[in-house]
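Heads up, the thing below is written out as structure tokens.
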Amino acid sequence: MTNATETAPGSALISVPRGLKNVIVTDTTIGDVRGDEGFYHYRQYDATQLARTEKFEDVWHLMIHGSLPDQAQSTAFTQQVGELRALDGATIDLLRRAVTPGVEPLAALRLALASAGILEQPLFDLDEAARTRAALRYAAIAPTVVAAAFRLAQGLDVIDADPSMGHVADYLRMSTGNTDEQAISALQTYLITTIDHGFNASTFAGRVVASSGSDMTSSILGALGAFLGPLHGGAPGRALAALDDIGDPANTRDWVRGKIESGDVIMGFGHAVYRTHDPRAQLLKEVVQARYDSPLVQHAVAVEGEIETAINELKPGRKLYANVEYYAGVLMSEVGLPPAMFTPTFEVARIVGWTANILEQAAEGKIIRPVARYVGPEPKRGA
């Protein structure tokens, strides 16, 4: 029997940095983040360019099927996921019983996914087509569940899905009733930019579960559990709250100094991968400035510059730039989504990336099984 300080025959332990930083754990064809270049891509396409030119369903098709669809494929795929988006009566009844004021939309999603997948077979026992059907089903119902839970928590009626509408348009309508084309277009840009972003914590967590041969629902729930942490999916609302906290941009430097001296994280700035500007933040800034030249947007732009200057002065040599969460909160506010829906909206996009990664991991058929180095007291062996 071996432990973390011994090696099994034919094996050798490898020490890696805490948090697996910069450790390559597998090969993928889904995409990559090139932090030093300020660039990321989905398959062979520049992700920000896709966000400028494609609709959400077509990028979804790319992530799951490996290619952008032609017109006929796009129409068929949009119809397929539109039909899957509708909730069955049992799920709606469950949400109506479970969601009360104060219940978070993603907590309701966790419940709904667990219920919907109660009879699901392990990925290990399914063929590729069946795995793909499961991936599409759960990614399709996520926005419907999130929107329904949000409204129920406020004492409002659920707005049923409309399979004839586009995915993003229907999500915004089900959440807020907003059908403004400019808002839909802006939100679609944001959602496409956040479908996938390398082996982040939630994506990796989902792949770990999938590697065991577990079912699609459990794999998604593993990813969702990691995503719920404030160091991951919970940042957009916190970044927007900082703008209110700062108030006048002239207060920014003192605010930043206080954060640095107390060791607090400056939400919305810096990234674990990017060493230059976050391309997602740059695109969203461009979108909100072009479409919503409002006091909020003007305030965000002014504060962004002040924060960058203050950080450079207080921490010379450490470049921290606005990340996607900073302008994501601004954009979502402008399209009518409240802070309670910022992280759930992020998830509506990211679940597509999770399922693409889960499918890839399931096809690999290899369990992820690292080891830990034991550093506790020396154990006493039996007599």
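Brief remarks follow.
- Cβ-Cβ FRET estimate between Lys319 and Val16, R0 fixed at 41 Å, reported to 0.05: 0.95
- Looking at the chain, the accessible area is 48 square angstrom per residue; that uses a 1.4 Å probe and ignores ligands, DNA and RNA.
- Extension gain from Arg275 to Asp70, taking 0.36 nm per residue of separation minus the Cα-Cα distance: 70.2 nm
- For peptides 67-75, 157-165, 301-309, 191-199, sequence by mean Cβ density within 10 Å, most packed first: 191-199, 301-309, 157-165, 67-75
- If you run the Gaussian network model on the chain, springs between alpha carbon atoms under 10 Å, then out of Ala356, Ala112, Ala340 the most flexible one is Ala340.
- Prolate/oblate/rounded label for the range 243-383 (Cα gyration tensor, a/c 1.5): oblate
- Of the peptides 369-376, 129-136, 316-323, the ranking by mean beta-carbon count within 10 Å, highest at the top, reads 129-136, 316-323, 369-376.
- Label point distance in nm, Asn312-Ile260, each placed 7 Å from Cα along Cα→Cβ: 1.3
- Ellipsoid semi-axes in whole angstrom, largest first, where each is sqrt(5λ) of the Cα gyration tensor of the chain: 32, 30, 21
- Nitroxide proxy distance, nm - points 7 Å out along Cα→Cβ at His232 and Ala90: 2.8
- Computed from phi, the 3J(HN,Hα) profile of the range 39-56 under the Karplus parametrisation 6.51, -1.76, 1.60 (θ = phi - 60°) reads 9, 8, 9, 9, 6, 9, 10, 4, 5, 5, 5, 4, 5, 7, 10, 10, 8, 4 Hz, with x in place of Gly and Pro.
- The Asp46 and Arg381 beta-carbon pair, evaluated with R₀ = 56 Å, returns a calculated FRET efficiency of approximately 0.45.
- Links that overshoot a 23 Å alpha carbon limit, given the list Lys21/Lys55; Lys55/Lys319; Lys21/Lys319; Lys21/Lys259: Lys21/Lys55; Lys55/Lys319; Lys21/Lys259
- Scattering profile of the range 139-262 at q = 0.13 Å⁻¹ [log10 I(q)/I(0), Debye over alpha-carbon scatterers]: -0.78
- Every Cα-Cα pair of the range 2-151 was included, and the share exceeding 19 Å stands at 69 percent.
- Length gained when the stretch Asn251-Ala98 is fully extended (0.36 nm per residue, less Cα-Cα span): 50.8 nm
- The range 255-262 - phi-based ³J(HN,Hα) in whole Hz, Karplus 6.51/-1.76/1.60, Gly and Pro as x: 5, 5, 4, x, 5, 5, 5, 8
- Along each principal axis, Cα extent of the range 107-167, largest first, Å: 42, 26, 13
- log₁₀ of I(q)/I(0) at q = 0.30, 0.31 Å⁻¹ - the range 178-227, Debye sum with one point per alpha carbon: -1.01, -1.05
- For the chain, the share of accessible area belonging to carbon and sulfur comes to 51 percent (1.4 Å probe, ligands and nucleic acids excluded).
- The accessible area of Ser185, taken with all protein chains in place and a 1.4 Å probe, comes to roughly 40 Å².
- Derived scalar couplings between HN and Hα for the range 150-165 equal 4, 6, 4, 5, 9, x, 9, 6, 6, 9, 5, 5, 10, x, 7, 8 Hz in order, rounded to whole Hz, by the Karplus curve 6.51 cos²θ - 1.76 cosθ + 1.60 (θ = phi - 60°), x for Gly and Pro.
The values are calculated or read from the model by the stated rules, or taken from the named source; none is laboratory data. Note that this is a predicted model, so its numbers are computed, not measured. Cβ atoms come from the backbone with ideal geometry, glycine included; neighbour counts cover every protein chain shown. Keep in mind that these areas ignore ligands, DNA and RNA; they rest on the heavy atoms of the full protein, side chains included. Shrake-Rupley method; radii C 1.70, N 1.55, O 1.52, S 1.80 Å.
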